[in-house]
1. Output the residue which, of all residues in region 88-99 that are charged (D, E, K, R) and more than 22 Å from N20 (Cα to Cα), is least open to solvent (accessible area, probe 1.4 Å).
2. Consider only pairs whose beta carbons are under 7 Å apart and that are at least six residues apart or on different chains; among these, list those whose first residue lies in region 1-14 and is more than 9 Å from Y95 (Cβ to Cβ) and whose second residue is among the polar types (S, T, N, Q) and outside any loop (DSSP other than H, G, I, E, B).
3. I'd like to verify a number: residues in region 33-51 that are farther than 18 Å from A97 by Cα, in contact with a strand residue (DSSP E or B) (Cβ under 6 Å, 6 or more places away or on another chain) and either loosely packed, with under 11 Cβ neighbours inside 10 Å or at pLDDT below 90 (or both), how many?
4. Which ones in region 5-28 are at pLDDT 75 or above, surrounded by 14 or more Cβ atoms within 10 Å (Cβ to Cβ) and either over 12 Å from the mean Cα position of the chain (by Cα) or not in a loop (DSSP other than H, G, I, E, B) (or both)?
5. Counting only residues that are open to solvent by less than 70 Å² (accessible area, probe 1.4 Å) and not in a strand (DSSP E or B), how many does region 55-73 have?
6. Somewhere in region 80-87, is a residue acidic (D, E) and either open to solvent by 60 Å² or more (accessible area, probe 1.4 Å) or at pLDDT below 90 (or both)?
7. Kindly indicate which of T85, T90, T70 is more than 16 Å from the chain's Cα centre (by Cα) and of a type in the set (V, I, T).
8. Select from region 48-67 the residues that are over 10 Å from the mean Cα position of the chain (by Cα) and of a type in the set (V, I, T) and list them in ascending order.
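The values are calculated or read from the model by the stated rules, or taken from the named source; none is laboratory data. Only a predicted model underlies this, so the values are computations on that prediction, with no experimental measurement involved. Cβ placement follows ideal geometry from the backbone for every residue including glycine, while neighbour counts extend to all protein chains displayed. Just the protein is used for accessible areas: all its heavy atoms, side chains included, with ligands, DNA and RNA removed. Shrake-Rupley method; radii C 1.70, N 1.55, O 1.52, S 1.80 Å.
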Amino acid sequence: LEMVTVVPNPYYAYSEYESNALTHKVKIANVPDKCVVTIYTVNGTKIRQFKKDTDAVTSIDWDLTNFANTPIASGFYIIHVKDNTTGNETTVKFYAAMRQVDLSTF
């Protein structure tokens, strides 16, 4: 669990994982085979939760949206990872500086 990380971190309005100007994406990498990843604001508000039940992929793609598919605000976030196999837990800090949507790129 000490290898869990977010790529890129900090996120400065762009990532190599994005396919066009309207997408936002980061990877939560090196997660256990069976785990629950929960993302919180620094004041404890739950933003999103992912459940991973397969060992085929070691990362989770997060599109920087909340549970209602609304883009997150710029700021700091806490990512909590709980390994369902061992019960161990870890947290990772994450910072995102979001860009404004520019529809003139099309």
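1. Taking the candidates together, the pick is E89.
2. Matching pairs, first to second residue: L1/T90; E2/T90; V4/T90.
3. Total satisfying the criteria: 0.
4. T5, V6, V7, Y11, V26, K27, I28
5. Residues flagged as open to solvent by less than 70 Å² (accessible area, probe 1.4 Å) and not in a strand (DSSP E or B) within region 55-73 amount to 7.
6. Checked against the condition, which is being acidic (D, E) and either open to solvent by 60 Å² or more (accessible area, probe 1.4 Å) or at pLDDT below 90 (or both), region 80-87 yields no hits at all.
7. T85
8. The answer is T54, V57, T58.
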